[in-house]
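Participant: What follows is a structure written as structure tokens; I'll ask about it next.
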Amino acid sequence: MRKQRSKSLALAITVLALSLFQVEGARGHTSVSSTTPEYKSILTEMPAEISIQFTDTLMVLGDKEVNSISLTSPSGEKIKIGLTTVSGNTVSIKLADQSYIDGTYLVDYRVVSADGHPVSGSYELYLNNPGATPVAISEEPHSEHQSFLHLHQTHIIWAGAALILILLLF
């Protein structure tokens, strides 16, 4: 009877510990939750600011710029912008009050989430009318870490948990 109670207690502790650990591990990389102006917006004038909100808090390392946004004009030229600012899970830039040509603008971003994983991607904005895309874009954010262990960490954790449970129960 005492042996069965010990196994039940060990099982309960293991399940609790794994559920607490798994909540953090299951989240994965941050992703874009919203953009201002909205993705593929047709604008009548350029905004004063571009901001991108992510699902997780972004990393800030003092005065090092680990998070960035850049803007490319329809002619393929990089637009001069102000400093990138980060507040919690939002990264933003201020745009200069200057004249902008009509067409497709490309917003590129690279951020590092609080867990240390970099994510980058891009999306389009249109000033008055869509035109040719200035450069190739990636509509989906992607991670720069694609090792086997990184991609399968959740599977490895659950396989280890199953092994521990089997050993505890038998």
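Participant: For residues in segment 40-55 being outside any loop (DSSP other than H, G, I, E, B) and surrounded by 13 or more Cβ atoms within 10 Å (Cβ to Cβ), which is nearest to the chain's Cα centre (by Cα)?
Facilitator: Per the stated criteria, the residue is 54.
Participant: Let me ask another. Only residues that are assigned to a strand (DSSP E or B) and open to solvent by 10 Å² or more (accessible area, probe 1.4 Å): list them for segment 86-117, please.
Facilitator: The answer is 86, 87, 90, 92, 94, 95, 108, 109, 110, 112.
Participant: What residue, among those in segment 56-81 that are assigned to a loop (DSSP other than H, G, I, E, B) and touching a Leu at 6+ places or on another chain (Cβ under 6 Å), is least open to solvent (accessible area, probe 1.4 Å)?
Facilitator: 67
Participant: In segment 63-80, is there at least one residue being of a type in the set (Gly, Ala, Ser), closer than 20 Å to residue 36 by Cβ and at pLDDT below 85?
Facilitator: The answer is no, given that none of the residues of segment 63-80 is of a type in the set (Gly, Ala, Ser), closer than 20 Å to residue 36 by Cβ and at pLDDT below 85.
Participant: Follow-up question, since we're still on this one. Assess whether residue 27 counts as being part of a helix (DSSP H, G or I) and either at pLDDT 95 or above or not aliphatic (A, V, I, L, M) (or both).
Facilitator: no
The values are calculated or read from the model by the stated rules, or taken from the named source; none is laboratory data. This one's a predicted model, so the numbers in the text were calculated from it and none came from an experiment. When we count neighbours, we look across all protein chains shown, and the Cβ atoms used for this are built from the backbone with ideal geometry, even at glycine. Surface areas here come from the heavy atoms of the whole protein model, side chains and all, with no ligands, DNA or RNA. Shrake-Rupley method; radii C 1.70, N 1.55, O 1.52, S 1.80 Å.
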